[in-house]
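> Got a structure for you, written out below as structure tokens; questions coming shortly.
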Amino acid sequence: MKFTFSRNNQRQAAAMDIPTTPALELRRRSRTHETIIQGILFLCGFISIFVTTGIIYELGKEAYLFFGYRQWMDTHKPLAADIDPQQTVFEVAPIGSPLKADAFYRIGSEVLLLEAIDGSLVQVQRGVEGSEATAHRAGLTLSEGVDPNLVEFFTGTAWEPHNGRFGILPLLNSTLMVSGIAILVAVPLGLATAIYLSEYATMRARNTLKPILEVLAGVPTVVYGFFALTFMTPLLRSIFGNNVVEIYNMASAGIVVGILILPFVSTVSEDALSAVPRSLREAAYGLGATRLETAVRIVLPAAFSGVVAAIILATSRAVGETMVVAIAAGAGPNFTFNPFKAAETMTGHIARISGGDLSYDSLDYNSIFAVGLMLFAMTLVLNIISQRIVRRFREVYE
């Protein structure tokens, strides 16, 4: 018989003349290819976290600069004549936006405090807020200083940055309405499809229908946008009337966004339903339940966390959709609860403003970072809610 001893007992084993074998080496051996793979995976995770942190930092920084510092709005009001650095009374042309007393204005890099207005003549205090009084030529336009604040941002009902009005409610309202219509379309159809694929369809039918359904997720969103504009809108106008449904409207955009997110709801819900153990179904059948009763009363509640997570993730996708709403919902903020009216969503507004129509560092351009931060906060809250629901209602089967 052959025994194995540790190093501490080898001397005793030698004295007893018992054959021994070396102790087992249990330390992990260094493998170069595994180290390389581990390093690559760590790098990928680090890049993902770094990019996400960078996005949050840039949005937060630009939004802070927007709310924390004075913004400048072009009045299109030009100087009527050249002015020298010491001149405090000068004439402006009659065109452009009206000027206001006790307001800050800027010509070039110089900041002025307008003290009094007498027709076309204005009296100002030169070189305020640390700026230097300089000479200016005729024709240069004045920019009015505006101070965006969070109270107006969250309570205002008009989004007109070029007029100094920064209420986010019109953009927020249209975004929620389009997303709400999309959920009303996607959830019933998606759940019904998921229940059919999980509980009724044969394996052959499931393998055929599921890939076809998932093709919808691969269609470019710009195609959905033109589909909403050229098919869904005429269909709604033929049903409700041309005088009721505008060419650009939230209803057609919401319906098509619902079709777009349908694969998210159906696929994730179907996976959650299929994960429910077969024993629960067999127990329900043994008690005399029908297939529909089993699906609705047993399987669906058991997969509740997965279904809710699918709905919330689809909602986040609907909130962040851009091309469909940019093409079909309309351009221009409009605070209305009528789904057949045109209204611009937050993503549509960002796409329009950042499309090159406005110059960089203009008031409208700077405002999109505040809108982007608001949009990011909405999707972040939805994802947090989804994770908490999954943790709270997750069922573990053994």
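Bear in mind these aren't lab numbers, they're just calculated from the coordinates by the rules spelled out. What you see is a predicted model; the values in this text were computed from it and never measured. A quick note on method: Cβ atoms are made from the backbone with ideal geometry, for glycine too, and the neighbour counts reach across all protein chains shown.
> Scan (1) without any contact (Cβ under 8 Å) to a residue 40 or more places away in the chain; (2) not in a loop (DSSP other than H, G, I, E, B) for the single condition residue 257 breaks and write down its number.
All conditions pass for residue 257, except number (1).
> Which condition breaks for residue 297 when tested against (1) in contact with a Ser or Thr (Cβ under 7 Å, 6 or more places away or on another chain); (2) surrounded by fewer than 20 Cβ atoms within 10 Å (Cβ to Cβ)?
So residue 297 meets the others, but not (1).
> Return yes or no: is residue 224 among the hydroxyl-bearing types (Ser, Thr, Tyr) and touching a helix residue (DSSP H, G or I) at 6+ places or on another chain (Cβ under 8 Å)?
yes
> Regarding segment 159-171, can at least one residue be identified that is within 30 Å of residue 312 (Cα to Cα), β-branched (Val, Ile, Thr) and in a helix (DSSP H, G or I)?
Looking through segment 159-171, none of the residues is within 30 Å of residue 312 (Cα to Cα), β-branched (Val, Ile, Thr) and in a helix (DSSP H, G or I).
> Still on this model: With farther than 22 Å from residue 230 by Cα and either out of contact with any helix residue (DSSP H, G or I) (no Cβ under 8 Å at 6 or more places or on another chain) or among the β-branched types (Val, Ile, Thr) (or both) as the only criterion, which of 362, 316 stands out?
Answer to the check: 362.
> Taking residue 317, is it part of a helix (DSSP H, G or I), under 27 Å from residue 339 (Cα atoms), out of contact with any His (no Cβ under 8 Å at 6 or more places or on another chain) and not small (Gly, Ala, Ser)?
Against the criterion (part of a helix (DSSP H, G or I), under 27 Å from residue 339 (Cα atoms), out of contact with any His (no Cβ under 8 Å at 6 or more places or on another chain) and not small (Gly, Ala, Ser)), residue 317 qualifies.
> Taking segment 193-222, which residues are aliphatic (A, V, I, L, M) and surrounded by fewer than 13 Cβ atoms within 10 Å (Cβ to Cβ)?
Passing the criteria: 203, 205, 212, 215.
> I would also like to ask the following. Quick check, is residue 142 touching a strand residue (DSSP E or B) at 6+ places or on another chain (Cβ under 9 Å), within 30 Å of residue 266 (Cα to Cα), in contact (Cβ under 8 Å) with a residue 24 or more places away in the chain and not small (Gly, Ala, Ser)?
no
> May I pose another question? Take residues that are under 26 Å from residue 161 (Cβ atoms), within 39 Å of the chain's Cα centre (by Cα) and free of Cβ contacts under 8 Å to residues at least 60 places away in the same chain and tell me which of the strands (runs of 3 or more DSSP E) falling wholly in segment 50-131 contain 3 or more.
103-107
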